[in-house]
1. Between beta-carbons, use under 12 Å as the cut-off and find the net charge around Thr200, counting Lys and Arg +1, Asp and Glu -1.
2. Just want to confirm a number: the relative contact order over region 149-245, from Cα pairs under 8 angstrom separated by 6+ residues, in percent.
3. In what sequence, highest mean first, do 135-148, 159-172 appear when ranked by Cβ atoms within 10 angstrom?
4. Measure off 7 Å from each Cα along the Cα-to-Cβ vector at Asn141 and Ala243, then give the distance between these two points in nanometres to one decimal.
5. Per the Cauchy relation, a quarter of the hull surface: what is the mean projected area of the convex hull of the alpha carbons in region 199-271, in nm²?
6. Normalised by the residues of region 220-292, what does the relative contact order come to in percent, with Cα pairs under 8 Å and at least six apart?
7. Compute the length gained on full extension between Ser175 and Val211: take 0.36 nm times their separation in residues and subtract their Cα-Cα distance, giving the result in nm to one decimal.
8. Could you pull the Rg and Dmax for region 119-237, using just the Cα atoms, both in Å?
Amino acid sequence: MKVLVYTWGLVILKLLFLFFFLCFFFSPLDGPRSKNVKIESRVPSNSAPLRFPQGVLGIPKSNSKIIAHRGYKAGGVENTLSSIQAAIPYKPAYIELDVRQTKDEHFILMHDASLKRLARKKKKVHQLTLAELKKLTLKQNNFESSITTLEEAIDLAKTSKQPLLLDIKTSKQDSLDMPKQLAELLADRDVVDSYLVQSTNEAFLNQIKEVNHDLQVGMIVSMLPSKEYPDFQFLTLKHTMAAPEFFESKQPVFLWTVDEPAEFNQYLATTAHGIITDNALMANSIEQRGTINALMTSYIDVIQKNETL
């Protein structure tokens, strides 16, 4: 009897392995997304630490730790519609995008204050209007694109129910109402419950929380924090500075930018809640492989237990 159970167990195990192998390598990248998590209540800024990534945040239920950095640069110019579209099929928990304000107080996607690296122009974002910026051509990795507005990015992401992590780049030239303008834009687009906002500018984060307490905001820290940030829902840190004690933070922890497979695999095993990476394909493959290995290990345990009965 034990031999029969063991034999059939091995047959089923092989069939399961074949099934997961075929699903992983031949399933379409643009498969169905899961439904939004229903929000029962909102959490004020002085509440207990956020439960991440589901429950309080109204994001598509996701077990992924992947945060696609500036979209996916292997599929388009960073921080543009093409890179966002390229990242969506890998179903990251978030797509991280950089946001700046133009001379005429519009919001566009751009990491650098200067336009030199991507547009070959000796100008800065705050010196040009949106109309002037839209005339520029961005070039990166043999891709070309135009400037993307924050509204355009949100509209594209919403078609796939893809949450965004907005990294706000502030400057002295920003309008005094910039936090209010951004909060109102996110509210008008109905993404307050599902998006995250982060910045290195603590004053800006405090200001935008004052405008809308329901916004989920995080502080980007340049080193191990010397103080606590109880009003912020998460912390973001460069992964090379992530000492073990940092993972004991009361808030969820995001790490940036992790592009080496070995490092991604290492941080995947920690309590980090999000891993920001330029390589969404690599990250997705490692996460999928980990899921399959966990299922196979679980089934092997079941067979071994039956053998001892």
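The numbers here are math on the coordinates, done by the rules we state, and not lab data. Fair warning: this is a prediction, and the values are worked out from it, not measured in the lab. Here Cβ is always computed from backbone atoms with ideal geometry, including for glycine, and neighbour counts include all displayed protein chains.
1. Neighbourhood net charge equals -1.
2. Once normalised by length, the contact order is 22 percent.
3. 159-172, 135-148
4. Calculated label separation equals 3.4 nm.
5. 5.1
6. Result for region 220-292 is 24 percent.
7. My answer for the length gained is 11.4 nm.
8. 15.9, 44
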